[in-house]
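Read the structure below first, then the notes.
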Amino acid sequence: MQAAPSDTQPVSRPVSPQNNTTRRAGRALPQAAAVLVVVLLLLVIVRLPWAGDLGMHAATVERLRHNLLHPGNPLVDADTPSPYYSPWMLVLGVVAKLTGLSVWVVLRFAAVVGLGLLVTGVWRYVRTLSAHRAAPALALLSLVFLWGPVLFSWSGFVGLNSLALTVAYPSVFALGLTFHFWAWLTRAVRAPEPASWGRWAALGLLWGLILLCHQFTGVVASLGALAMVIAARPGRAVLLRLGAALALGMLLLGLWPYYDFFSLFSAGGNLEAIHKPLYENLAERFGFVLLGVAALGLRLRRDRWDPLVLFFVLGALMFAAGGLSGHYSWGRAMPAALIPAQLAAALEAVAAGRRAVRACWACVLGAALAAGAWTQVGTLGYVIPKSALPSVVADKYHTPWVGYHWITPWVKYGDVVMARTTPARQIPAYGPYTVAPGYPDFFLKDEKSRNAAVDRYFAAGTSAAERQGIAREYGVRWVVGPKRLAGPGLQKVTTGPEHQVLFRVVR
């Protein structure tokens, strides 16, 4: 196995005791900071703040807990496949079924596993790029803090605040696997003798597993893998094994029984509209990453086949193509440009060369990381009461969703609830269904008519008779909405946060 690239190897020279102390401090500081970040995220997992897609993943686990073979649609009472039924979610469903644990406990388990895979995966992959002891810690800090002066959170993006809200998501699990995949692949293509067919088969299956668990992260994994193969310029023997690995991964994708992976390529419509914001405010959200782009330029000067440079180019091209063609969902490939730039910024601080240059770079990187940390400092609010935070920090804190546990004494598993979009993103987490899904569903053929029915039901001018007809059509037993809905066919049961009312449908 080849050693890490020579530009990152430490240079042997006589070292004074003072320089030794300085070097130890230079390693210890980023390592200590990285440990604090991991501890913070572990404390966040204890609370598991709710926003975004967490309800979807909770609902998926609930459906699998009740029926592992035919779970049906996770959000509405319909027998459809769903890309959320991935191998990882199947494991979580089995855990929930065998242990009887609450879905929230199971999701905390998922979060710990995902975070563990991510941290160890970053460490293993960075060790293929640098032998410096501080490199993995610096890389982790750059991944979570080197973003921009405006807060940005999205599944599949590993900023600190984003991780705090998505750590239980399949995207974090898949990204953790991705870093391990890159580490294994890099060592396989660099090895002086071709790795065994069995090892390449395992790599192919791992690649397919990542794509099944989170399709967008799978694209990032694929672009990174392509860059690493191009950079290694392997011979015919390795390429044959690589082809076999790809074929095995494709076979896994084709045989997965819970949804048709290849049908996702024809998805569009709302999927593009949802992702259009990824192309907005780029400088404010990702401005600090320009430091990494500069680092990539330095790496390119040293090696035109540098894997991080190639990775960045592939990611940037796909992101740009999505914006130019209107395929805004391609913007989910942006981590393929961000990750190599963030890693390059970290590695440049420990690269071989003049000490003064490294020290200057480290100071600039430290300032950028500090600024990025300040942008995301509101994450502390997930583990520290807002009242205990300084006002300047408390102002950056975003309150998580309250949830709909208050309806569970009456609403049972499998009941259908009429609710608008935001409640519909949370209610299925507790076991009920909603009339329309809270998220776009490519496999749900009557999604438009369901959305239209919900709009009609809550429209101010809709008569009680028409509402009753809609309720009968979709088997609605409960309604969550404003108190103005009170009237014939509805019986008030209780009132929840923000004056929401739970009504029982009276037949």
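The values are calculated or read from the model by the stated rules, or taken from the named source; none is laboratory data. Computed from a predicted structure; not experimentally measured. All Cβ positions, even for glycine, are placed from backbone atoms using ideal geometry, and neighbour counts span all protein chains on display. SASA here: full protein model, heavy atoms, side chains in, ligands and nucleic acids out. Shrake-Rupley method; radii C 1.70, N 1.55, O 1.52, S 1.80 Å.
Which pairs have Cβ atoms under 7 Å, sit 6 or more apart or on different chains, and link a residue in region 43-59 that is on the phi > 0 side of the Ramachandran plot to one that is aromatic (Phe, Trp, Tyr) and assigned to a helix (DSSP H, G or I)?
LEU48/TRP104
Checking THR128 against (1) under 27 Å from PHE442 (Cα atoms); (2) modelled with pLDDT of 95 or more; (3) β-branched (Val, Ile, Thr), only one condition comes out false. Which one?
So THR128 meets the others, but not (1).
Per-residue answers, yes or no, for (1) assigned to a loop (DSSP other than H, G, I, E, B); (2) closer than 30 Å to LEU298 by Cβ; (3) in contact (Cβ under 8 Å) with a residue 24 or more places away in the chain:
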{"position": "ALA344", "(1), (2), (3)": "no, yes, yes"}
{"position": "ALA356", "(1), (2), (3)": "no, yes, no"}
{"position": "LEU365", "(1), (2), (3)": "no, yes, yes"}
{"position": "LEU380", "(1), (2), (3)": "no, no, yes"}
{"position": "LYS412", "(1), (2), (3)": "yes, no, no"}
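Just to be sure before I move on: is SER171 closer than 19 Å to LEU223 by Cβ and surrounded by fewer than 24 Cβ atoms within 10 Å (Cβ to Cβ) in the structure I sent?
Taking the combined requirement at face value, the residue does not satisfy it.
So ASP79 ticks every box in (1) in a loop (DSSP other than H, G, I, E, B); (2) open to solvent by less than 40 Å² (accessible area, probe 1.4 Å) but one. Which box is left unticked?
Single failed check for ASP79: (2).
Check off (1) of a type outside the set (Gly, Ala, Ser); (2) outside any helix (DSSP H, G or I); (3) open to solvent by 30 Å² or more (accessible area, probe 1.4 Å); (4) touching a residue at least 24 places away in the same chain (Cβ under 8 Å) for PRO74 and give me the number that stays unchecked.
Evaluating PRO74 over (1) of a type outside the set (Gly, Ala, Ser); (2) outside any helix (DSSP H, G or I); (3) open to solvent by 30 Å² or more (accessible area, probe 1.4 Å); (4) touching a residue at least 24 places away in the same chain (Cβ under 8 Å) leaves (3) as the failure.
How about region 286-320: which of its residues are open to solvent by less than 40 Å² (accessible area, probe 1.4 Å) and farther than 14 Å from PRO340 by Cβ?
Selection gives GLY287 alone.
Among the helices (runs of 4 or more DSSP H) contained in region 156-247, which hold 2 or more residues that are of a type in the set (Ser, Thr, Tyr)?
It comes to 160-166, 170-190, 215-232.
Within the group ILE274, ILE230, which residue is among the hydrophobic types (A, V, I, L, M, F, W, C), farther than 27 Å from ARG124 by Cα, in contact (Cβ under 8 Å) with a residue 24 or more places away in the chain and open to solvent by 60 Å² or more (accessible area, probe 1.4 Å)?
Within the list ILE274, ILE230, the selection yields ILE274.
Taking only region 461-500 into account, find how many residues are within 15 Å of PRO409 (Cβ to Cβ) and in contact with a helix residue (DSSP H, G or I) (Cβ under 6 Å, 6 or more places away or on another chain).
So the answer is 2.
Let me spell it out: the conditions are (1) more than 19 Å from PRO136 (Cβ to Cβ); (2) open to solvent by 20 Å² or more (accessible area, probe 1.4 Å); (3) touching a helix residue (DSSP H, G or I) at 6+ places or on another chain (Cβ under 7 Å); (4) modelled with pLDDT under 95, and SER329 meets all of them except one. Which number is the exception?
(2)
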